[in-house]
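Contents: one structure, followed by commentary.
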Amino acid sequence: QVHLVESGGGLVRAGGSLRLSCAATGRTFSSYSMAWFRVAPEKEREFVASINRGGSRTSYGDAVKGRSVISRDNAKNTVTLEMNNLKPEDTAVYYCGAGGPTYPSTRFQDYLYWGRGTQVNVSS
């Protein structure tokens, strides 16, 4: 089992950048693929990015592709999402998830554990 805590959200102007972090407790962090999903007001949950266990493979949602980078540090039990050129439509609660696949799945159902989220607000 793993406990996840997100941080790094906040208010930023359009065009700016944010670095979201997810800290995991538990000695088996490296056995999980990790992902970020987001939920915006009145919108469906959306896949943002994922990374496999070793950090060698990543996947990105179309909305953030080219503007975001996901990475992980298994020694520090953290996964990071760097987001650049932020847009107002990036405003959402961002959630970190840990799951079982060996590949960077884009499916919400593949992630077993979730943090409580961190709010990102992008002003125009």
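In segment 84-100, the condition of being modelled with pLDDT under 95, touching a strand residue (DSSP E or B) at 6+ places or on another chain (Cβ under 8 Å) and either over 15 Å from V39 (Cα atoms) or hydrophobic (A, V, I, L, M, F, W, C) (or both) is met by at least one residue. Just so you know, in segment 24-40 the residues that are open to solvent by 50 Å² or more (accessible area, probe 1.4 Å) and touching a strand residue (DSSP E or B) at 6+ places or on another chain (Cβ under 8 Å) include one that is modelled with the lowest pLDDT, and it is T25.
With respect to being open to solvent by 40 Å² or more (accessible area, probe 1.4 Å), touching a residue at least 12 places away in the same chain (Cβ under 8 Å), touching a strand residue (DSSP E or B) at 6+ places or on another chain (Cβ under 7 Å) and more than 14 Å from R19 (Cβ to Cβ), Y111 falls outside the description. The sole residue among N52, N74 that is in contact with a Phe, Trp or Tyr (Cβ under 9 Å, 6 or more places away or on another chain), within 10 Å of A35 (Cα to Cα) and either open to solvent by 20 Å² or more (accessible area, probe 1.4 Å) or not charged (D, E, K, R) (or both) is N52. Do we find a residue being in contact (Cβ under 8 Å) with a residue 60 or more places away in the chain and within 15 Å of the chain's Cα centre (by Cα) anywhere in segment 45-63? Looking for residues that are in contact (Cβ under 8 Å) with a residue 60 or more places away in the chain and within 15 Å of the chain's Cα centre (by Cα), one finds at least one in segment 45-63, hence yes. If you go through segment 11-38 and pick out every residue that is in a strand (DSSP E or B) and over 16 Å from R107 (Cβ atoms), you end up with 11. If you go through segment 39-59 and keep only what is polar (S, T, N, Q) and assigned to a strand (DSSP E or B), you end up with S50, T58, S59.
The values are calculated or read from the model by the stated rules, or taken from the named source; none is laboratory data. Please read these numbers as outputs of a predicted model, since none were measured by experiment. Here Cβ is always computed from backbone atoms with ideal geometry, including for glycine, and neighbour counts include all displayed protein chains. The area values use the complete protein model at the heavy-atom level, side chains included, leaving out ligands, DNA and RNA. Shrake-Rupley method; radii C 1.70, N 1.55, O 1.52, S 1.80 Å.
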